[in-house]
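Novice: So that we are looking at the same thing, I have put the structure below in structure tokens.
We did not get these values from a lab; they are worked out from the coordinates using the rules stated. Here the structure is a predicted model, which is why all the values come from computation and not from measurement. In this analysis, Cβ positions are derived from the backbone assuming ideal geometry, glycine residues included, and neighbour counts consider all displayed protein chains.
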Amino acid sequence: MIKISPSVLACDFSKLGDEVKRVDEGGADMLHLDVMDGVFVPNISFGAGIISSIRKKTDLIFDVHLMITNPQRYIADFVKAGADIITIHYESCDNQIEVLKQIREAGVKASISIKPATPAFILEPLLEYVDMVLVMTVEPGFGGQSFISDTLESVRTAAAMIKAKGLDIDIEVDGGITAETIVPAYEAGARVFVAGSSVFKAPDAAAAISALRNAVK
Ligand code: DX5
Ligand code: ZN
């Protein structure tokens, strides 16, 4: 079973509550929430306050993607805001294991992400501390970019390491996911798919989500 996690970064923020409802009713499995601090990535999005306010609008799994430096400072805030899964970036801190443990101890699923240029093998010692691995398929920072095919190698490496260790860890891909690019990403081993533009910019979100699912049936 695959999971579709629409990224609200591509939605109409003037109607945030309705936009969330649109993908919830459209068959999304999760809601992807991109938190950017203008330091780790060259863009600023939103923080825990916004997440907390949309928590009241849906029961979807909140898949919070932290693109912020030293994420340990804010884990408690995002847990309190209603996160179900928190992803930190490998490149955003030096104490990844400590932060991943902090996330799990707070009762939330922990996930680690790598940027396109970061080799996937560096995740090997972290795998026992995570529930999900997020392989970025674009440079983090902006929605609407084109899928980078070279990142499929990282998905394959992550899948092989997870299998070798016999762990139950999902691989998520994020960036440029469409009904076309989902196919090679699925074949490489990804099972959770973030989709911003391809879902929120489509006139019919339900049809866009179905098209993603049907592409890998
Ligand atoms: C990029 C974000 C993505 C982005 C995906 O930094 O992490 O989640 O919103 O948007 P699309 O699907 O438009 O590439
Ligand atoms: Zn994201």
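Novice: What full-extension length gain, to one decimal in nm, is calculated for VAL183 and LYS3 as 0.36 nm per residue of separation minus the Cα-Cα distance? Don't jump to the answer; show the numbers that get you there.
Specialist: On the way: separation 180, 0.36 × 180 = 64.80 nm, distance 1.36 nm.
Once the chain is fully extended between VAL183 and LYS3, it gains 63.4 nm.
Novice: Nearest 5 is fine: what % of DSSP beta bridges in the chain come out antiparallel, could you say? Please report the intermediate quantities before stating the final value.
Specialist: Numbers: 1 of 33 bridges.
Antiparallel bridges make up about 5 percent of those DSSP assigns within the chain.
Novice: Under a GNM of the chain (C-alpha, springs under 10 Å), which listed residue has the highest mean-square fluctuation: SER146, SER154, SER111?
Specialist: It is SER146.
Novice: Right, another one. Between ASP24 and THR69, what is the label-point separation in nm under the 7 Å Cα-to-beta-carbon projection?
Specialist: 3.6 nm
Novice: Grab the DSSP H runs of the chain that are 4 residues or longer, score each as -39,500 (n - 2.57), total them, divide by all residues and round the 222 nm result to the nearest 500 deg cm²/dmol.
Specialist: Numbers: 8 runs with 71 residues, N = 217.
That comes out to -9000 deg cm²/dmol.
Novice: Something else about it: Can you tell which of THR69, VAL130, CYS93 lies farthest toward the positive end of the dipole of the chain, using +1 and -1 charges on the Cβ of basic and acidic side chains (Lys, Arg; Asp, Glu)?
Specialist: VAL130
Novice: Report the net charge of residues surrounding ASP34, where surrounding means a beta-carbon distance below 12 angstrom and charges are Lys +1, Arg +1, Asp -1, Glu -1.
Specialist: Local net charge: -3.
Novice: While we're looking at this one, here's another question. Mind giving me the nanometre distance, one decimal, between the label points for ASP84 and LEU126, set 7 Å out from Cα along Cα→Cβ?
Specialist: Using points 7 Å along Cα→Cβ, the separation is 2.3 nm.
Novice: Just to be sure I follow the rule: in the chain, considering lysines 8 or more places apart or on different chains, how many pairs have Cα atoms under 16 Å apart?
Specialist: Taking the chain as the scope, the lysine pair count is 12.
Novice: Which whole-percent values make up P(r) of region 106-217 when all C-alpha to C-alpha distances are grouped in 10 Å steps starting at zero?
Specialist: 15, 46, 31, 8, 0
Novice: Which three semi-axes in whole Å describe the equivalent ellipsoid of region 45-125, each the square root of 5 times a Cα gyration tensor eigenvalue, listed largest first?
Specialist: On the way: eigenvalues 104, 33, 27 Å².
Working from the Cα gyration tensor, I get semi-axes of 23, 13, 12 Å.
Novice: I would also like to ask the following. Quick one: Debye curve from the C-alpha atoms of the chain, no solvent, what's log10 I(q)/I(0) at q = 0.08 Å⁻¹?
Specialist: Debye curve over Cα of the chain, log10 I(q)/I(0) at q = 0.08 Å⁻¹: -0.24.
Novice: Follow-up. Can you list the residues of region 63-98 with backbone N under 12 Å from a point 7 Å past the Cα of ARG104, pointing along Cα to Cβ?
Specialist: It comes to 97-98, nothing else.
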